[in-house]
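Shown next, in structure tokens, is the structure this report addresses.
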Amino acid sequence: MLTSVLNKVRMDAVEKRVHTFVRVKPTANFAQDVIKFGPDNKSIDIYIKKDAKKGVVNNRQTDWCFRLDGVLHNTSQELAYETVAKKLVSEALIGYNGTIMCYGQTGAGKTYTMTGTTAEYKHRGIIPRAIQQIFKATAHSVDPFVTVRISYLEIYNETLFDLLSTMTSNGTSDVQMAVVDCPQGVYVKGLSIHSVSHEEDALNLLFEGETNRVIAEHTLNKNSSRSHCIFTIYIESRFRVFSDVRCINSKINLIDLAGSERLSKTGSEGQVLKEATYINKSLSFLEQIIIALSDPKRDHIPFRQSKLTHVLKDSLGGNCNTVLVANICGEAVHVEETLSSLRFATRMKWITTEPVINEMYDREGTVKALEKEIILLKQELAMHDSLVNRSLVTYDPLTDIQIAEIKSQVHKYLNGAIDEIDIVNIRQVQEVFKQFKLIVSQQEHEVEARLRSKYALIDKNDFAAIAAVQKAGVVDMDGHLVREEDGRDFGTRTAPFSSRRGGKKKSRKSNEQPNSPPSKPVAFEQFKEECGSEINRIFKENKSILLARKKRSSTVAQRINFIKREMEGIKKALEAQKQERWQQGEYVDEKGQIIIDEKEFSLIMKLKDLKEEYRSGYAELQDLKAEIQYCQHLVDQCRNKLISEFEIWYSESFLIPKDVQEALKPGGNIRPGMIPINRVMCLEEDEQERFERMQERTLPACPASVSFYKAKMKTDQKHTYTRTMSSLERMRKKPGLITAAGKNKPLSFLHIM
């Protein structure tokens, strides 16, 4: 697939400029009289009314028209990706660098466009879809060997941070990061780059980096990104078919810029205000760069004004395909920010780019040098052969006659007809080993075919197959044959893996073997009642405590939902009371405060109590979730301990010969517990556990979502474990949790030591 694209004529009609798109955030208060879209979805018009307070003479502009490459309004994530990114990613696979950048005010949907949500597969953004497209293309390609690598950079308050530093263990996170210029372009010194071989691995890095991002809350956005983030995918393709192409390198920069903020609207204070200052400053420098690049008369472009503009030096006006997505809000209150974003997109549209394929060639000179080296090596070998009187040695590939001669000599050597095989060069040595390998493989197939013609081969660990042949009466409980075959009786106590031909017939007494061991399910019940009774008791207690915690968690969750619904009802009642008071006229006291009736006052007090109860219940639910996580860990630990102890007990009780059992006794030379375990037996799970396992196996979306959900699950498990450990530290300090499990046991469940 990639080869066919590579062989096409180079892009003759490439538009050498930045492509710009506008994506409008869906909102219920969309200002249809202010924002209007063109019929071709490539233009957007802004109309605002004149301010009467400015007087009769008011020359302020009231209408604007912006022409772009596309307007995305009420579009799905899939359509947005198809329009914005799919072509760019396809061209990156054949060697073109690419950059996609999301720009706009805070809360306009930049992060949603670039990353999407991790909760649902269909709502994933540009980055997860680009990763999927790349790995699908590489899976279907035959010719090139493709290597994919990932990096994730964050610029927070003009400081560089590696969002994937937690994934490395080589100490690279301690290296001071800096933007460095080199002949090949700009790179970040100290930024870790991770090789990935599957889509799931790349998504796992993305989700890990997302959890390390800096976010904060303000008036316009509850989860506002406080930093600029650049997710980079490096693609390297090595070709084996074409002698002139050695390697193709490309990279895709996927940039999620922090939103510009108007402090009068966000009301930011403290650290959030400091972050907003850095964000607005870096975006101001970025806009200056865009203005300079769009002016063909400018000789100097001040890329070094900020970390952001320095990192984006190759992406803006460089040798790559660049796409800008301007995210805007459709509400009239944000029209000034919308105009600013559209002006920025228009300026970006005038920036010219020169995308080129990044490929390295093996030129004709390299080929001639290799041919010359081959000739020199052959001459050196010929001179060496003449010195040792080996003038008949040839180093050309073996002919069919020579291969047949070597094959004949190998067969004669194996039959003992000759003692040596004539070898004079390396090619003959390789051919001799090849013939030996073919003979061994042929003999293995013959032996297997001979055994299958006489016997039915059954895996000794396949309990279902063994039970089936036992039921059919072919073998007894010990696995010994009980029927006649080929007219000859093998005896009822013949070993299943050995047969004695000839020899004296032993007496019946000597043929008697010990009673066959019980089946593992039967033995397991016996073990739980005898030697494993203590472990089984602890396992049951831990499991009952786990179920109790889950039941309590479900009850608390139901109570919280009930309180939430009740709060919503009270809010509606208060709103109705407020409307009624407004219609009938409001009463105020001497201080000018509104007087409310007793009913409204009681509703307000009840709402206050419910809020307090909701907070308390929510805190209890979080603690219960942490306890459930830890209880589940202990239950799994108990189960594994019970299984391993049973396997050791079963082996030592039923499968070890008497002489070995003597050695196992105190003073013997074999230590108990060292018997190898070939198969682990699983305990039966209850219905709830079966349902949870089924949820993990059966994904709610199409098969292509497997990597997405697996990567999300791994990231969630990692961070849930971290939160659980911190919660356990708090719970250990709570009084009243010491139980019969032992003194100073911090939780009301038991430990397996």
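The values are calculated or read from the model by the stated rules, or taken from the named source; none is laboratory data. Predicted model, so just to flag it, every value in this text is computed and none were measured. Because the Cβ atoms are built from the backbone with ideal geometry, glycine has one as well, and the counts that use them run over all protein chains shown. What goes into the accessible areas is simple: the full protein's heavy atoms, side chains included, and nothing from ligands, DNA or RNA. Shrake-Rupley method; radii C 1.70, N 1.55, O 1.52, S 1.80 Å.
So, restricting to strands (runs of 3 or more DSSP E) that lie completely within segment 4-52, which ones have at least 2 residues that are open to solvent by 50 Å² or more (accessible area, probe 1.4 Å) and either within 22 Å of L88 (Cβ to Cβ) or modelled with pLDDT of 85 or more (or both)? First the steps, then the outcome.
On the way: elements: 19-25, 35-37, 43-47.
Counting at least 2 such residues, we get 19-25, 35-37.
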Report task. Filter segment 116-132 down to residues that are open to solvent by 10 Å² or more (accessible area, probe 1.4 Å), more than 12 Å from E78 (Cα to Cα) and out of contact with any Gly (no Cβ under 9 Å at 6 or more places or on another chain), then give me how many there are. Result -> 4
Query - Given (1) in contact with a helix residue (DSSP H, G or I) (Cβ under 9 Å, 6 or more places away or on another chain); (2) modelled with pLDDT of 80 or more, index of the condition D400 fails - result: (1)
Query - Residues within segment 506-528 that are exposed (fewer than 15 other Cβ atoms within 10 Å of the Cβ), at pLDDT 85 or above and among the polar types (S, T, N, Q), tallied - result: 0
Report summary line: Reported set for segment 323-333 where residues are outside any strand (DSSP E or B) and open to solvent by less than 20 Å² (accessible area, probe 1.4 Å) is G330
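Conditions (1) touching a strand residue (DSSP E or B) at 6+ places or on another chain (Cβ under 6 Å); (2) of a type in the set (S, T, Y), marked per residue:
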position: C65; (1), (2): yes, no
position: V71; (1), (2): yes, no
position: E78; (1), (2): no, no
position: Y81; (1), (2): no, yes
position: L93; (1), (2): no, no
position: Y96; (1), (2): yes, yes
position: Y103; (1), (2): yes, yes
position: G109; (1), (2): yes, no
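Among T99, T83, which is the only one that is touching a residue at least 40 places away in the same chain (Cβ under 8 Å) and either of a type in the set (F, W, Y) or surrounded by fewer than 24 Cβ atoms within 10 Å (Cβ to Cβ) (or both)?
The unique qualifying residue is T83.
In segment 529-544, how many are open to solvent by less than 60 Å² (accessible area, probe 1.4 Å) and touching a residue at least 40 places away in the same chain (Cβ under 8 Å)?
So the count comes out to 7.
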Requested in this report: Kindly indicate the residue of segment 569-611 that is outside any helix (DSSP H, G or I) and open to solvent by 80 Å² or more (accessible area, probe 1.4 Å) and also farthest from R559 (Cα to Cα) among those meeting that condition.
Outcome: E590
Query raised in the report: With respect to the numbered conditions (1) in a strand (DSSP E or B); (2) in contact with a Lys or Arg (Cβ under 9 Å, 6 or more places away or on another chain), which one is the sole condition not fulfilled by M101?
Result: (2)
Query raised in the report: Quick check: is even one residue across segment 301-314 in contact (Cβ under 8 Å) with a residue 12 or more places away in the chain, over 24 Å from L254 (Cβ atoms) and in contact with a Cys (Cβ under 9 Å, 6 or more places away or on another chain)?
Result: no
Query raised in the report: Out of all the residues in segment 361-377, is one or more more than 30 Å from N249 (Cα to Cα) and of a type outside the set (V, I, T)?
Result: yes
Query raised in the report: For segment 662-683, does any single residue satisfy the condition of being in a helix (DSSP H, G or I), touching a Pro at 6+ places or on another chain (Cβ under 8 Å) and modelled with pLDDT under 90?
Result: yes
Query - Answer residue from segment 116-130, given it is in contact with a strand residue (DSSP E or B) (Cβ under 7 Å, 6 or more places away or on another chain) and touching a residue at least 40 places away in the same chain (Cβ under 8 Å) and is nearest to M348 (Cα to Cα) among those - result: I126
Report task. Test R639 against the stated conditions and say whether it is of a type in the set (K, R) and open to solvent by less than 70 Å² (accessible area, probe 1.4 Å). Result -> yes
Report summary line: For segment 612-660 the number of residues that are assigned to a helix (DSSP H, G or I), under 30 Å from A523 (Cβ atoms) and among the hydrophobic types (A, V, I, L, M, F, W, C) is 12
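Looking at the structure I just gave you, is I563 free of Cβ contacts under 8 Å to residues at least 40 places away in the same chain and touching a Phe, Trp or Tyr at 6+ places or on another chain (Cβ under 6 Å)?
Taking the combined requirement at face value, the residue does not satisfy it.
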Query raised in the report: In segment 161-223, which strands (runs of 3 or more DSSP E) lie fully inside it and hold 2 or more residues that are polar (S, T, N, Q) and modelled with pLDDT of 80 or more?
Result: none
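Residue-wise test of (1) over 30 Å from V34 (Cα atoms); (2) in a helix (DSSP H, G or I); (3) open to solvent by 50 Å² or more (accessible area, probe 1.4 Å); (4) among the charged types (D, E, K, R).
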| site | (1), (2), (3), (4) |
| --- | --- |
| L339 | no, yes, no, no |
| A345 | no, yes, no, no |
| P355 | yes, no, no, no |
| T366 | yes, yes, yes, no |
| L381 | yes, yes, yes, no |
| H384 | yes, yes, yes, no |
| N389 | yes, no, yes, no |
| V432 | yes, yes, no, no |
